[in-house]
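**Student:** Can you read through this structure? Questions will come right after.
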Amino acid sequence: MPAQKIISQWRILQPIHFVLGLLILLTVSLLLWQHYGMNLFLRFDPGNFNQISASDDRDNEGGKSIGLISINPKYWRLDCQLQKGHRSPYCSIDFDLSKGKQGIDLSKYTDITIRYRYQNPREQVNLVMVNFNPEYSVESDYRSQKFTEVYLPGVMGWSTYTLKWQQFNVASWWIADKKIPPKWTDNEFNNIREIRLATGLYPELSNHQIDLAYIEFRGKWINNNTLQLLLLLLWGGTAAFWLLSELRRSMLALQRSHARQKDLENAQQHLQETNQLLAERSMRDPLTLAFNREGLSILLAKETPDTPGSIIFIDIDHFKKINDHYGHGTGDQVLCLLVQHIQQQIRPSEQLIRLGGEEFVLLCQHSNLAQAERLAEKLRLWLFSQSWPADIPLSCSFGVAERQKGERFEATLHRADLALYRAKAGGRNRVEVAE
Ligand SMILES: Nc1nc2c(ncn2[C@@H]2O[C@H](COP(=O)(O)OP(=O)(O)OP(=O)(O)O)[C@@H](O)[C@H]2O)c(=O)[nH]1
């Protein structure tokens, strides 16, 4: 595969893929390390431990048993004469683990291995962990410490047993004697001050001999449960972080998309307004801003031949002379002014159209002939009374026609034009009504 292709394939990977890869690698490494390494080990044997002694029931409730310890290179030997006297005669090998007042935390170990032999196979041995906890223990009372024990079979030959802490039980005599509340009756191994290997329950009152080669403790720096919790937190934390960042990314994308949509809407609205403006402009005469012929046809498109109303044809008298005497610019000013004056006098429903040159038409949709004539007369007087550029004496002629039922607009316009013609012919500055 060419290098280019490999690089382009790597590029499609996102940070989350690298994080996932890293997590998987870390998880597998931790699991393997925990399984094959992270070992904790503690061993007591005659070669490495000498804080050992024998104890028995003498000086205690009338006990008369005698326990003696001897040390061989490979094991400790307890010789014990059990004798009647104590309610439960015993001898034991005691491991003193306390340094000052501090014991050893054995709870981090999971496997306890013991190797021993017992000359009397009908008996049991009693392995006891003695834990000090100020909640229920006092320094002055040895028996106030918690006694957690397990019973193992007496075996003739060397035997090795591996135990778990769950196989130990808090001694029932200790709970009963000390009236221990239930919350302190669970196993505890975090401050072990002494380990004892003693003769069992109700032993035969005779000579006993127990040889102990070693006691070993094995465990892991991180136990299974802690490791599982750690991995759970690692994966859960990463997943939560990833979900939150994805959520944030989606929200930002949504915000961006909303902003884009808003921009589009604004642009669309602007376009619509521009279109409307352009359409509006195309309907208007650019000089006077009255409707033009295009505007007229759009206005008429909304009408039917049955739409009632009247038309007033307006024409400036002798406009050519104004142009000739005062110039085309003044003529333009007069046209604009004329439109402004007419707009002031008409209703919103009445529309003024410049047909061309100095010819205008006023559409009066709601007026009959008499009303339109009155309006034409009013406009004539109004325009005649206005002052015009260069004090031009300006007058207009008007031709009025009412739309007949079913009559086309052009026909009405023609009749109004004829009336206008008559107004011109009749001396101008007057209103004529169509027949
Ligand atoms: N200033 C100016 N003059 C225009 C415009 N359009 C047309 N005209 C002029 O308007 C004049 C119209 O003249 P005529 O049709 O003879 O009409 P008139 O002089 O008003 O005479 P009567 O209508 O008979 O009273 C012409 O001189 C045109 O050049 C325009 O947009 N601006």
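**Student:** Can you pull out every residue in region 357-381 that is hydrophobic (A, V, I, L, M, F, W, C) and farther than 24 Å from residue 284 by Cα?
**Tutor:** 369, 370, 381
**Student:** Considering 394, 369, which residue is in contact (Cβ under 8 Å) with a residue 40 or more places away in the chain and within 16 Å of the ligand (Cβ to nearest atom)?
**Tutor:** 394
**Student:** Further question on the same structure: Can you find a residue that is in contact (Cβ under 8 Å) with a residue 40 or more places away in the chain and away from the ligand (no atom under 16 Å from the Cβ) anywhere in region 288-297?
**Tutor:** Taking every residue of region 288-297 in turn, at least one turns out to be in contact (Cβ under 8 Å) with a residue 40 or more places away in the chain and away from the ligand (no atom under 16 Å from the Cβ).
**Student:** Check region 288-301 and report whether any residue there is surrounded by 15 or more Cβ atoms within 10 Å (Cβ to Cβ) and touching a Cys at 6+ places or on another chain (Cβ under 9 Å).
**Tutor:** Yes, that holds for at least one residue.
**Student:** Of all residues being closer than 19 Å to residue 105 by Cα and among the charged types (D, E, K, R) in region 125-183, which is surrounded by the most Cβ atoms within 10 Å (Cβ to Cβ)? Just the residue, please.
**Tutor:** The qualifying residue surrounded by the most Cβ atoms within 10 Å (Cβ to Cβ) is 146.
**Student:** Moving to a separate point now. Looking for whichever is of a type in the set (Ser, Thr, Tyr), touching a residue at least 40 places away in the same chain (Cβ under 8 Å), assigned by the TED database to the domain that holds residue 124 and assigned to a loop (DSSP other than H, G, I, E, B) here; the options are 161, 136, 151. Which one fits?
**Tutor:** 136
**Student:** Same structure, new question: Within region 57-76, restricting attention to residues that are buried (at least 18 other Cβ atoms within 10 Å of the Cβ) and out of contact with any Phe, Trp or Tyr (no Cβ under 7 Å at 6 or more places or on another chain), which residue is farthest from residue 90 (Cα to Cα)?
**Tutor:** Across region 57-76, the extreme among qualifying residues is 75.
**Student:** Could you list, in sequence order, the residues of region 380-434 that are among the hydroxyl-bearing types (Ser, Thr, Tyr) and either touching a helix residue (DSSP H, G or I) at 6+ places or on another chain (Cβ under 7 Å) or not assigned by the TED database to the domain that holds residue 299 (or both)?
**Tutor:** Passing the criteria: 395, 397.
**Student:** Can you report the number of residues in region 85-119 which are in contact with a Ser or Thr (Cβ under 8 Å, 6 or more places away or on another chain) and either assigned to a loop (DSSP other than H, G, I, E, B) or of a type in the set (Ser, Thr, Tyr) (or both)?
**Tutor:** Residues in region 85-119 being in contact with a Ser or Thr (Cβ under 8 Å, 6 or more places away or on another chain) and either assigned to a loop (DSSP other than H, G, I, E, B) or of a type in the set (Ser, Thr, Tyr) (or both): 6 in total.
**Student:** Moving on to the next point. Could you look through region 7-51, keep only residues that are surrounded by fewer than 10 Cβ atoms within 10 Å (Cβ to Cβ) and among the β-branched types (Val, Ile, Thr), and pick out the one that is modelled with the highest pLDDT?
**Tutor:** Looking at residues that are surrounded by fewer than 10 Cβ atoms within 10 Å (Cβ to Cβ) and among the β-branched types (Val, Ile, Thr), I get 12.
**Student:** Continuing with this model, one more query. Given the criteria surrounded by 16 or more Cβ atoms within 10 Å (Cβ to Cβ) and within 14 Å of the ligand (Cβ to nearest atom), does residue 376 qualify?
**Tutor:** Taking the combined requirement at face value, the residue does not satisfy it.
**Student:** Residue 321 passes all but one of (1) surrounded by 13 or more Cβ atoms within 10 Å (Cβ to Cβ); (2) within 16 Å of the ligand (Cβ to nearest atom); (3) over 30 Å from residue 371 (Cα atoms); which number fails?
**Tutor:** (1)
**Student:** Could you tell me whether residue 274 is more than 16 Å from the ligand (Cβ to nearest atom), under 20 Å from residue 417 (Cβ atoms) and exposed (fewer than 15 other Cβ atoms within 10 Å of the Cβ)?
**Tutor:** For residue 274, the condition - more than 16 Å from the ligand (Cβ to nearest atom), under 20 Å from residue 417 (Cβ atoms) and exposed (fewer than 15 other Cβ atoms within 10 Å of the Cβ) - is not met.
**Student:** If you don't mind, another one. Output the residue which, of all residues in region 328-356 that are within 9 Å of the ligand (Cβ to nearest atom) and in a strand (DSSP E or B), is surrounded by the fewest Cβ atoms within 10 Å (Cβ to Cβ).
**Tutor:** Among those residues, the one meeting the criterion is 356.
The values are calculated or read from the model by the stated rules, or taken from the named source; none is laboratory data. Just so it is clear, the structure is predicted and the values come from calculations on it, not from any experiment. All Cβ positions, glycine included, derive from the backbone under ideal geometry; neighbour counts span all protein chains shown.
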